[in-house]
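The values are calculated or read from the model by the stated rules, or taken from the named source; none is laboratory data. As the structure is a prediction and not an experimental result, all values here were calculated from the model. Cβ placement follows ideal geometry from the backbone for every residue including glycine, while neighbour counts extend to all protein chains displayed. Remember, those area values only see protein heavy atoms, side chains included, never the ligands or the DNA or RNA. Shrake-Rupley method; radii C 1.70, N 1.55, O 1.52, S 1.80 Å.
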Amino acid sequence: MDKPIIGSGQINYQTMTSGEDGIIKGERMSTSWLCKIHPVFNVTTSVACVLMSWCVMYFFFDMTPDSQLASVMLLISCSWACGKIAGMLYLPPLLGMLLVGVVLRNTGLYDVNQNVFQPHIINLREVALTVLLAASGLSLDPAMLKKLSLVVTQLAILPCITETIAAAVVTHYLLGLPWIWGLLLGCILSPVSSAVILPALLDFKQKGLGEDKGIITLVMAACSFDDIFAISAFGVCLSIIFSEGSWETNAMRGPIEVGIGVCVGIVWGLITGFIPHKCETHLTIKRTYIITAGGVLLTFGSKMIDLPGAGPLAIMTAAFVSAICWKKNNSFSDAVEIATNDVWDLMEPLLFASIGTEIDLSSIRPNLITSASILLVITSLVRVVTCFFVLKDTNFNLREKIFVNIAWLPKATVQAAIGPIALDMARSRDERLIPYASDVLAISVLAILITAPIGAIIMTLRGEHLLRKQY
């Protein structure tokens, strides 16, 4: 029989005897059998990599088991492992990573010098947020955005606004938070977690569920805009809290930051859209580095000029514009998006675990847990009512509207990424604001612990039923 031999850019054919054919078949059967137990090999390789990393850190930095560097390595290793375990249980991996940070901090296994390691960990959080924003910008589909209807825009903005206002009202009268801190908390709580819902949505889309009415496309598109809107509003609230001057001046900072963020993002996106040139070697690596490293510069640069809200919007805009330029230049951006997601996978364990270490269970007031639960119930009900109002004129049936509301429930990625920012800024600028910032972070973490598993489980168990056609 003829066997295709691929090499040197062309396909050649050689004649293969029946004996050789039997050998090849035997090799394929053996390979197929080995591939069936590939998770075992995957775990073995990962464990070996972790152990070798510990050995390398020992030889280079004299990392002993009782050193602070070993404490950081333990945090990252356990975070990665528990993230994998959570994924096997059909739960969001970030939930396991977050719990690791909480457990290690409150059992004393994670104990580092706040003046030595904490500033570097805070900076790494900013880098991780930058990578996440860049990946989000690259994932936006221009063709889909052109087809966005008024319903998608309303679904992205109106529930976010009403939930933010509800959070401000509840926290002001229930916890005594100032109005601006309540609005800041509302901006943190309102974004939907793409990390939790996207895997399930993509699975439903592959099965053809909800595609006849575009439900999956609607939720995915609105989710992206929801995050952008909330992060931008968060930056505005942050600027008002940590800046001086009249409230009129601070109120004007919001539109200014949005305008600067969009303009800078467009300019940087056009630059990275053509530099490096598509004919260069190692193009994907260069583009990924420029997008992420440029995002880091935008993040820290916007803080240096006291416009922190402009950075996140500029990063998303730059990534989105870059992807458009690459596609128009007949140079696909999918490889860069995949590479950026790979970088995010590396940063994710440190980000979520380090956020968990900020939670000192002994300092959380019992009434805060009760208040946070009441807050989440009220804000979720407000979001549900708003979503039903937005969808009232669509051709969705009741089950499909319920599915959209379930998909709008989980809080995780954005909350974990921007939740500790206010606390980091309070520590460096005004220690009197630390109690407010600590409550905001604690409520953000409680929101993740409560809504992420509930939303993921309900979508997994009932999603197909809600989207399946009934005859």
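Observations
- Mean accessible surface per residue for the range 302-377, computed with a 1.4 Å probe while every protein chain stays in place, in Å²: 43
- Distance in nm between pseudo-label sites at T153 and S428 (7 Å out along the Cβ direction from Cα): 3.7
- Stretched out straight at 0.36 nm per residue, the stretch from L69 to C55 would grow longer than its current Cα-Cα span by 3.8 nm.
- Here each label is just a point 7 Å from Cα along the line to Cβ, and for V377 and C263 those points are 4.9 nm apart.
- For Y110, residues with placed amide H under 5 Å, excluding near neighbours: R105
- Sorting 179-187, 161-169, 81-89 by average packing, meaning the other beta carbons within 10 Å per residue, from highest down gives 179-187, 161-169, 81-89.
- Taking 0.36 nm per residue of separation and subtracting the current Cα-Cα distance, fully stretching the chain between L297 and E280 would add 3.7 nm.
- Peptides 345-355, 370-380, 392-402, ordered by how many other C-beta atoms sit within 10 Å of their residues on average, highest first, read 345-355, 370-380, 392-402.
- Filter on K205/K411; K303/K328; K207/K278; K84/K205; K84/K401 - keep pairs with C-alpha separation over 29 Å: K303/K328; K207/K278; K84/K401
- As a calculated quantity, the FRET efficiency between D360 and K213 at R0 = 45 Å, using C-beta atoms, amounts to about 0.45.
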